[in-house]
Amino acid sequence: MSSPEQWTHPQPGDSSAATAAKPTPEQVIAGLRATSEGGADLVQLLTPEGERVDSPEFDRYVTDIDGARLRSLFRDMTLVRRFDREANALQRQGQLGIWVPLLGQEAAQIGAGRALRPMDMAFPSYREHGVAWCRNVSPQDLLGIFRCSDHSGWDPVAARFHPYTIVIGNQVLNAAGYAMGQRFDGHVGDDDGEATICFFGDGATSQGDVHEGFVWAAVYDAPLVFFCQNNQWAISEPTERQSRLPLYQRAQGYGFPGIRVDGNDVLACLAVTRWALDECRTGNGPMLIEAFTYRMDAHTTTDDPTRYRLSDELEAWKLKDPIERVRAYLSRNGLADNDFFEEIAAEADNFAAEIRDFCVNMPDPPPDRIFSEVYAEPSPVLEAQRAEYLSYLDGFVGAGER
């Protein structure tokens, strides 16, 4: 059996990591601890203890983040987490068909989301509730997807935020095509240019769509930031089972830069994403960001993470909580007092109550809702399917009451 070092950091010529059937729990934990801080190349501006770290390269991208802006980022993360926890509870109580938690990934999403400019475009997977918040997509609009009553409740063109993509990695191809269009239409080349960002997880990097998106973006020099939230687990498989190298280094094979950032550090995520978007909008091509973070909850509410990971792994990452490190920094530097934190906590509770009331009282859509707004123009095939489905429903007792 291979050693933990071979499993997580195989050297050229090593074959044991590739031939080992499955890592032991001890190897998985050893691998996590070996990379728990993301390695020497990790960009970090705020430590887990809430201490500011100087970065000659990236400090200039957060010079506008004063006490007020940092308190706003804290509020963003707190409210998004509260929404996530309430939606998780609503699913357990039968109000949602499924829920995809983001617990632990708030800094990565809020940092990246707040780095976007109004004309930038974002392509999410199905976990980017924090990015949706930053793009002014109402959390209530997200609930229809997981209640299975709507395709998406927002205008993606107006919000500059694409509908959620359920198929793993498919949004990367969509984003690559959109970013290619930005270049073809001449929206790239100066500081006022546009850029696109695409979000996906570490598990998606094993999908062909992601690699095809890398190829197309590189060949056409598309203004596209690939934002990988490496939360350590692709459902039940650790990252070490998917890649011999850190994920950000994969960008080298496609000819564009890759960088690893502390995904639990909202300042670092904001700075690095601003840098990458600026590089893209000014014509310097695609970038890959690996946000090194951790999924604190299940993959979805259909998943049981206790079957494949150990509790001490979770406990270790609780010490790196993205919200608590901002709280510590604000408190230590006199930028927020207890009244502020209590005010945000109360706002979060009221917000959760609004979410619950909205979800519980959501009206059921009419049966033909599934056929509406599928295509921009009427489709004879779709209309025939609609008529056949409604005729089928009319055959049931009490159908006239619907």
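The numbers here are math on the coordinates, done by the rules we state, and not lab data. Every value quoted in this text rests on a predicted model; they were computed, and no experiment measured them. For neighbour counting, all protein chains shown are included, and Cβ atoms are generated from backbone atoms with ideal geometry for every residue, glycine included.
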**Complete:** Pseudo-spin-label distance residue 316 to residue 341, built 7 Å along Cα→Cβ, given in nm, is 2.7 nm
**Asked** How would you rank 371-377, 346-352, highest first, on the average number of other Cβ atoms within 10 Å across their residues?
**Response** 346-352, 371-377
**Prompt:** Non-local amide H neighbours of residue 46 (under 5 Å, H modeled in plane, Pro and chain starts lacking H): which ones?
**Reply:** 53, 268
**Asked** For residue 261, which sequence-distant residues (separation of 5 or more, or a different chain) have an amide H within less than 5 Å of its own amide H, given hydrogens modelled in the peptide plane?
**Response** 43, 290, 291, 292
**In Hz, Karplus ³J(HN,Hα) per residue of segment 194-210 (6.51, -1.76, 1.60; θ = phi - 60°; x = Gly, Pro)** = 9, 8, 10, 10, 10, 9, 7, x, 4, x, 5, 5, 8, 8, x, 4, 5
**Complete:** For segment 123-195 the mean separation of alpha carbon contacts under 8 Å (6+ apart) over residue count, i.e. relative contact order in percent, is 31 percent
**Message:** Compute, for the chain, the length of the dipole vector about the Cα centre, with Cβ point charges of +1 (Lys, Arg) and -1 (Asp, Glu) only. Units Debye, rounded to 20.
**Reply:** 540 debye
**Asked** Is segment 200-258 rounded, prolate or oblate when judged by the Cα gyration tensor, a ≥ b ≥ c being the square roots of its eigenvalues, rounded requiring a/c under 1.5 and prolate requiring a/b larger than b/c?
**Response** prolate
**Message:** Going by amide H atoms built from the backbone, whose H comes under 5 Å of the H on residue 122, apart from near neighbours?
**Reply:** 161, 162, 197
**Prompt:** Whole-Hz Karplus ³J(HN,Hα) for segment 60-70, in order, using 6.51 cos²θ - 1.76 cosθ + 1.60 and θ = phi - 60°, x for Gly and Pro?
**Reply:** 5, 8, 10, 5, 8, 8, 8, x, 5, 5, 5
**Request:** Would you work out which of 90, 247, 187 lies farthest towards the positive end of the dipole of the chain, given +1 charges on the beta-carbon of Lys and Arg and -1 on that of Asp and Glu, about the Cα centre?
**Result:** 247
**Message:** If each DSSP helix of 4+ residues adds -39,500 (n - 2.57) and the sum is divided by the residues in the chain, what number results at 222 nm, nearest 500 deg cm²/dmol?
**Reply:** -13000 deg cm²/dmol
**Asked** Among 211, 299, which comes first, then next, by fewest other beta-carbon atoms within 10 Å?
**Response** 211, 299
**Fill in**
HN-Hα couplings for segment 345-352 via Karplus (6.51, -1.76, 1.60; θ = phi - 60°), in whole Hz with x for Gly/Pro, come out as 4, 5, 4, 5, 5, 5, 4, 5
**Prompt:** Taking the Cα atoms only, what angle lies between the long axis of helix 380-394 and the longest principal axis of the chain, rounded to 10 degrees?
**Reply:** 70 degrees
**Message:** Let me check against my output: what whole-number percent is the relative contact order of the chain, with C-alpha pairs under 8 Å and at least 6 apart?
**Reply:** 23 percent
**Asked** Quick one: putting +1 on the C-beta of Lys and Arg, -1 on the C-beta of Asp and Glu, what dipole do you get for segment 123-264 around its Cα centre, in Debye to the nearest 20?
**Response** 420 debye
**Request:** Express as a percent, rounded to the nearest 5, the fraction of DSSP beta bridges in the chain (both residues included) that run antiparallel.
**Result:** 10 percent
